[in-house]
Every structure is written in C-alpha cells, then in structure tokens.
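Only one structure is covered here, and it is reproduced in the block below.
The values are calculated or read from the model by the stated rules, or taken from the named source; none is laboratory data. Quantities reported herein were computed from a predicted structural model and do not represent experimental measurements. As a convention, Cβ positions derive from the backbone with ideal geometry for all residues, glycine included, and neighbour counts pool all protein chains shown.
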Amino acid sequence: MRALVIGYGSIGQRHTRLLRGLCCDVAVLSRRELDFPSCYTDLLRALAEHRPEYVVVANPTSLHHETIEALAAAGFAGKVLVEKPLFDHSRALIDAPFSHLAVAYNLRFHPVIQRLRGLVLGETVISVQAYMGQYLPDWRPASDYRQSYSASAAQGGGALRDLSHELDYLAWIFGDWQSVTALGGHLSALEIDSDDLFVLLMQMSRCPVVSVQVSYLDRTARRCIVVNTERLTIEADLIAGTISCGNELETLLVGRDFTYEAMHRAMLGDENATLCSLDEGLATLQLIDAAEQANRNREWVIR
C-alpha cells in the first residue's frame, strides 16, 4: 500500500519506519528539507504524485484540523490515521470522503489493556484509579524539551493532551464520561508554557468513581491502573507489562513498537473494532475541554 506520513518529528519518523517495515511504499510530507527517498513540501503535489491510499497525520496537534480539512478538500478518499489527540480543542469537522478515519490511541492494542478489558467484562465496577507520569526532559534525551511541541500550549502540547491515552482507554473499557472535575496546570519549574500536571475525578457510565492523574513530573516513569469491582481487585502496570487479579500475576511484555504495528495492521486490514473512531476521539476532546473548564471555574461539568 502507498502511504503518506505528514510530519517528520519523532512520532512521524516512527510511523515512517514501521510502515516501511510493513512493506508500504512510504512518502513523507514535511516543511523541512529531508534526506528521504520520497519527500514533499506540498500536500497537493504529494497526493498527485505519490497517490497514497493511507495517510498518517503526525504533525503538531494544532495543525491536525487544517490538515484533515485540506485532505478532504483535495478529495482524498483513502484511509486516515490521526495522531492523538485528534485536535487541540473540540471542534466540528467537515464531511470528508475518507474510507476510514481513526485516532492513533495505540495503547488499546497493548495486551495488558486488552486483558484488563476482558477481566472487567460482566463485573460491577466500583472504582478505577489510573496514573501516568514521566519526566518531560527524559522523553527525548537527544533534544531540548523546551523546543518540543509538548512544551507549547499553542502547538497543542501539555500533559492533559499528550497523555490522553488514559482518557481514551478508560472510556473504551468503562464507557462514556458523565461528569468531571479537575485540578491542574503548569505547576512546576519546567520551562514550558503548557500544563505539566492534571488530576481528574469522574463518573463514567460503567463506574461511579474514576480518578486519573497525568504528569510531566515523574522522574521514574509510571503507567498503572487499579480497578475495584464487587468481586475483584485488578492491578495493571503497562511499563512492567503485568496484570494481577487476586493471587494470579500475568506478565504480558511487548516490544516498544508492538502496539503501533498492531494499530497499523488494523488500519491496513480494515480491522476497525479496536481502533479509536472519530466519534470516540471527539468525545475525548470534549472531556479535555470539560476538565480545563472545571479547573478554571472550580466546578463539576456535567455532560
């Protein structure tokens, strides 16, 4: 399949490498001049000459909306995968001719998340606690974190958006959010103008008490979930690749690229059940907007 990756930062480079590994004929669209066999700086030219069937939108979050609308205006009718989050803020999207559009919440393909989803199926869930933290300067040690899009609110960065995987997989497992309150913002000495910490307290359709913390501050990276049901306590650790339920501990380690490859295989093969849909991606943006409103006004936001 012919693929076009729009944006060639760290995540665009990963998508490019993985798609080439999946035997796709890949071109790249970037504003920079690149040492790459098939590289374009103009979208219309890339579409006309490379004729992609699959487009990955991996430029800064603040550019996602205009990029998708440009693809639609150009009449692109193939498959589109948009890096998470879908946009920088919740907004309408024009009718597009794409055969399929999905949002790149690749953690849905992690075996720990899939195992957790299976374990809670049919259970009466009482509480969920999810935590994700990693020190922003450690994300890409070879580059200056202050120059990254993560550091820039204008480019759609910030912990709440960067780490919105938690919001997505919680909705995928525990249903739509019903109400939310939140605290957060830029609270540390990191030299950024985006938020570095957010804590959300929510009600979801399948769980009355859900707490989520996402941060750029943890010197030791953590990504874990604790679920209490009427019968079970389940603990999942995505970094260790473990999930425990009672006295049983399972180890489900995967390689760094596993979830991305699985996501691309699903897109290439029309296996849409696990992929994050447009409506689900928009619902996550609405939750982000509601959390920011709740933080500003010190209130509960009801959906």
Test of understanding: among 112, 103, 120, 125, which residue is over 17 Å from the mean Cα position of the chain (by Cα) and either without any contact (Cβ under 8 Å) to a residue 12 or more places away in the chain or buried (at least 21 other Cβ atoms within 10 Å of the Cβ) (or both)? 125
How about the range 235-293: which of its residues are at positive phi and free of Cβ contacts under 8 Å to residues at least 60 places away in the same chain? 246
By residue number, the members of the range 248-303 that are out of contact with any Phe, Trp or Tyr (no Cβ under 7 Å at 6 or more places or on another chain), among the small types (Gly, Ala, Ser) and under 15 Å from residue 201 (Cα atoms) are 290
Select from the range 258-303 the residues that are outside any helix (DSSP H, G or I) and small (Gly, Ala, Ser) and write down the one among them that is surrounded by the fewest Cβ atoms within 10 Å (Cβ to Cβ). 273
Taking residue 160 as the residue in question, decide whether it is closer than 21 Å to residue 218 by Cβ and surrounded by 22 or more Cβ atoms within 10 Å (Cβ to Cβ). yes
Test result for residue 190, under 12 Å from residue 291 (Cβ atoms) and touching a helix residue (DSSP H, G or I) at 6+ places or on another chain (Cβ under 7 Å): no
Note on the range 255-279: residues closer than 21 Å to residue 25 by Cβ and aromatic (Phe, Trp, Tyr) are 260
Failed condition for residue 252, given (1) closer than 30 Å to residue 24 by Cβ; (2) buried (at least 21 other Cβ atoms within 10 Å of the Cβ); (3) in contact with a Gly (Cβ under 6 Å, 6 or more places away or on another chain), with all others met? (2)
Residue, surrounded by the fewest Cβ atoms within 10 Å (Cβ to Cβ), within the range 76-98, restricted to residues that are at pLDDT 95 or above and more than 21 Å from the chain's Cα centre (by Cα): 77
